[in-house]
Amino acid sequence: MRTILYLIQKEFIQIARDKFMGRAILLMPLIQMIILVYAATFEIKEVQMLIVDRDGSETSIELIRKFSASRFFRIDVLPLSQSEIDESIKRSKYDVAMVIPSGFEEKFQNLQTGEVQLLIDAVNGMAAELSLAYCRAIVADYNKELVVEMMGPNIPSASSIQVSTNFWYNPLLDYKIYMAPGILVILITAIGWFMAGMNLVREKETGTIEQINVSPIQKYQFIAGKMIPFLIIGLADLVFGLILAKVLYHVPFEGSLITLFVFATVYLIAVLGIGLFISTVSNTQQQVLFISFFFVMVFVLMSGLFTSPDNMPRWGQVINWFNPLAYFIKVIRMVLLKGSSLTDIKAEIFQMLLYGLLVNALAIWRYRKVS
Amino acid sequence: MNRFIAFVIKEFRHLLRDPRTMIVLFAIPVIQLLLFGYVISTEIKNARIAILDLSKDSMTKEIANKLRATGYFTIEKYLNNTHDIETEFQKGSIKEVIIFLPDFERQLIRDGVAPLQIIADASDPNMASLLDAYSRSVIYDFIEERNHAKGVGVIKTEFRMVYNEQLRSAYLFVPGTMALILMLISALMTSISITREKESGTMEVLLVSPLRPIQIILGKLTPYLALSVANMIAILLIGYFVFKVPINGSLILLAFTCILFILLALSLGVMISTIAKTQQVAMIISLIALMLPTVLLSGFIFPIENMPKALQVLSIFMPPRWFLLALKSVMLKGLGLGYIYKYLLVMILMLSAFIIISVRNFKIRLE
């Protein structure tokens, strides 16, 4: 035990001496929490929309008014020709163009279908899909109104359903309180994984590992001595990040923070174990960097930070069993936003525990005291 | 010149001798493309929802069937009371609940209007609003069909998605992956390989050799330039043949755009190496200054227009932003030089700036 404590002390002295690293540990979370959280949003705020009204009727003007009232669209109503419309989409001046053809109202009043044409720049498929969904929702709402207005609710042939939606846990659909916890996970993971991984291999590169190899330090003591300092740094960064999340974004802490830290500890042991394992099988910092970068990239993309893992095909979800990030991102959101308790996440804790035991056993086994 | 060629050959050997890094370098683009192509999807498929049906009539059954038939939803559970909603959400087993109040059908027929409630788990706001929009469109479609059958006029939307009829996300991730990979190889690898020479002291050996500093730098860059071009071609081929991303514009213009960006990234790598003293520092600068902006501030994943003003301004200084704009215009929209010359000019300007800074910072002597 004393040996491990000395090793931990040594690591902290080394980290403290390296001014750049010291700053990086503090600055990285700050920069990431500020820039990433703001940048990472799928929320559609301003879709540039062109409306060409060739009908000019009461119905068409009312429809335009409905679009103007929506906060998603910035509307320009211009009398353009078809080729001018195409050109403005080509030049990316507008994302969406809607044409209301002449005779629109007449058709509609004759109890037929009045059609509006939408032209959507779909280079960004998702934004296009969302724009379309919003357009359709506005038209559908208007339809519903028209039915009631024209037919009167007492005419049995026409009917409508009054849909109301409650958004639980985040009624204003604030994207930031969703992203901030996820970004925090990426942050802690990256710091822990890369620092632990690069640290061990640096001892190899500079040759100082030889001194440890000839000392009576046990393999497990060495690994523990490398792990515990970064575990402490990781948890400290979590505290720091949570404070930032609270102060900057007002992320609610619905669940118990103890639950969160219990999971974070188990999680960090697993992640640091992966970093240490990679560095025991590598010889240079560059190798560690690339192998780690590769896995971190895949893990981050699959973690559910940006897109829900539920939309993945089955085999993707199977790969995700080995993705520690996916567990923590799910858990931190459950605990902070929904107030899930230890019992709600007990499966995840056990899976992470098993993961941690396995990778650390591998790291200890792979660490050779003889070169 | 011979000396220079010999040096370039040495650099190539150096790179090729580390097969693990080479494998990773070629595996990253392939895996990333496959991931984006097959695994990560923003499309909603089989989202797990629950139904709380307090009416249990033929109409609520019909709506439930319609929801299921779209393929967006899987009806995971039928709940019996409102208390279960919270428990289910906390377990994370469902994303949305659709509630039919008692006498749904009777109200609809008698009054012509019936209330329906949706409760969405908005801890994932994106998912929640999409699910809400999809559920609403199913419900509205249902009612429109009914009205239309009874001879009530409706407005229909007819739409066309230009440049990407089928809304394939490949149109986004193939160019994006290209930017990321070229940045990774050109900038990150170069900066690390030059700082490694500094750290291990072999830079001194090179500086006292008859090679001129500019030759040393160019020699260092050449292998990564070759690697980047190889990777670029690989990504374009996979994009074209596997993901059917069209190349509508001129190939020469496309190649020019890509090579300009590679040069830009290489010069960035050199610039970082003139600042950083150790590989670790070079790595952290590269990760903070290159990777994050490439992914986040370039418009690759997240549309720039949605960001706060300050970040939009920041993104002006991100080389990948201009590269992606030019690349997408040429590849997907088939636009010519007349449309994209502005983007290319910005990139050339940045390239010149990076080269000037690097030359001024480059030290040929020990400190």
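In nm, what is the difference between 0.36 nm times the number of residues separating A:Glu149 and A:Gln218 and their Cα-Cα distance?
Once the chain is fully extended between A:Glu149 and A:Gln218, it gains 16.6 nm.
Could you work out the mean count of beta carbons from other protein chains within 10 Å of each residue's beta carbon in B:112-119?
Mean inter-chain Cβ contacts per residue within 10 Å come to 6.
Hand me the trypsin sites (Lys or Arg not before Pro) from the range A:44-78 located in a DSSP loop with no more than 11 other Cβ atoms within 10 Å, in residue order please.
A:Arg71
Just to verify a number: FRET efficiency for B:Lys56 and A:Lys93, C-beta to C-beta distance, R0 = 51 Å, to 0.05?
For R0 = 51 Å, the calculated efficiency reads 0.50.
Among DSSP bridges having both ends in the range B:32-158, what percentage is antiparallel? Round to the nearest 5.
Bridges in the range B:32-158 that DSSP calls antiparallel: roughly 30 percent.
Where does chain B land at 222 nm, in deg cm²/dmol rounded to the nearest 500, when only DSSP H runs of n ≥ 4 count, each adding -39500 (n - 2.57), divided by all residues?
-20000 deg cm²/dmol
Any idea what the dipole of the protein assembly as shown comes to, in debye rounded to 20, about its Cα centre with Lys/Arg Cβ at +1 and Asp/Glu Cβ at -1?
3340
Under the definition of partner shielding as Cβ atoms of other protein chains within 10 Å of a residue Cβ, what is the mean value for peptide A:171-181?
Mean shielding by partner chains, rounded to a whole number: 3.
With r defined as the distance between the Cβ atoms of B:Lys342 and A:Val262 and R0 fixed at 56 Å, what FRET efficiency is calculated, to the nearest 0.05?
The formula returns an efficiency of 0.55 here.
Provide the per residue accessible area, probe 1.4 Å, for chain A, rounded to a whole number of square angstrom.
42
Sort out for me the Cα centre separation of the range A:158-217 from the range A:5-55, rounded to whole Å.
Using only Cα atoms, the two centres lie 11 Å from each other.
At 1.4 Å probe size, with every protein chain present, just tell me what the per residue accessible area of the range B:17-114 comes to in Å².
Solvent-accessible surface per residue comes out at 47 Å².
With a 1.4 Å probe, how much accessible area is buried between chains B and A, both sides summed, in Å² to the nearest hundred?
It comes to approximately 10400 Å² buried between B and A.
Rounded, prolate or oblate: pick one for the range B:24-102, where a ≥ b ≥ c are the square roots of the eigenvalues of its C-alpha gyration tensor, a/c under 1.5 means rounded, and failing that, prolate if a/b is larger than b/c, else oblate.
Since a/c reaches 1.5 but b/c is at least a/b, the shape of the range B:24-102 is classed as oblate.
Give the cross-link partners of B:Lys45 among the aspartates and glutamates, using a straight C-alpha distance below 17 Å as the criterion and excluding same-chain residues fewer than 8 apart.
Once the sequence-local aspartates and glutamates are set aside, what remains near B:Lys45 is A:Glu129, A:Asp310, B:Glu76, B:Glu96, B:Asp121, B:Asp124, B:Asp132.
Give the angle, between 0 and 90 degrees and rounded to the nearest 10, that separates the Cα long axis of helix B:319-331 from the longest principal axis of the Cα atoms of chain B.
70
How many angstrom lie between the C-alpha centres of the range B:190-246 and the range A:334-371?
Rounded to whole Å, the Cα centres lie 38 Å apart.
Can you tell which of A:Val123, A:Gly356, A:Met302 lies farthest toward the positive end of the dipole of chain A, using +1 and -1 charges on the Cβ of basic and acidic side chains (Lys, Arg; Asp, Glu)?
Projecting each Cα onto the dipole axis, the largest value belongs to A:Gly356.
How tilted is helix B:2-16 with respect to the longest principal axis of chain B? Cα atoms for both, answer in degrees (0 to 90, nearest 10).
Helix B:2-16 and the main axis of chain B meet at about 40 degrees.
Just the number, please: carbon plus sulfur as a percent of the accessible area of the protein assembly as shown, 1.4 Å probe, no ligands or DNA/RNA counted.
Carbon and sulfur: 63 percent of the exposed surface of the protein assembly as shown.
Which pairs in the list B:Lys10/B:Lys363; A:Lys144/B:Lys95; A:Lys204/A:Lys246 are over 31 Å apart, alpha-carbon to alpha-carbon?
Beyond 31 Å: A:Lys204/A:Lys246.
Taking square-rooted eigenvalues a ≥ b ≥ c of the alpha carbon gyration tensor, is the range A:223-344 rounded, prolate or oblate, where a/c under 1.5 means rounded and, failing that, a/b exceeding b/c means prolate?
Oblate.
For the charge dipole of chain B, defined by +1 on Lys and Arg C-beta atoms and -1 on Asp and Glu C-beta atoms about the Cα centroid, which residue among B:Ser267, B:Ile5, B:Leu33 has the Cα displaced farthest towards the positive pole?
It is B:Ile5, whose Cα lies furthest towards the positive end.
Over all residues in A:303-311, what is the mean tally of Cβ atoms on other chains that come within 10 Å of each residue's Cβ?
Going residue by residue through A:303-311 and averaging, the value is 6.
Among DSSP bridges having both ends in the protein assembly as shown, what percentage is antiparallel? Round to the nearest 5.
The answer is about 20 percent antiparallel.
Arranged from highest to lowest average of other beta-carbon atoms within 10 Å per residue, in what order do the peptides B:344-356, A:234-246 appear?
Final packing ranking: A:234-246, B:344-356.
The values are calculated or read from the model by the stated rules, or taken from the named source; none is laboratory data. This is a predicted model, so every value here is computed, not measured. Positions of Cβ are backbone-derived with ideal geometry, glycine not excepted, and every protein chain shown enters the neighbour counts. Ligands, DNA and RNA are excluded from the accessible area calculation, which covers all protein heavy atoms including side chains. Shrake-Rupley method; radii C 1.70, N 1.55, O 1.52, S 1.80 Å.
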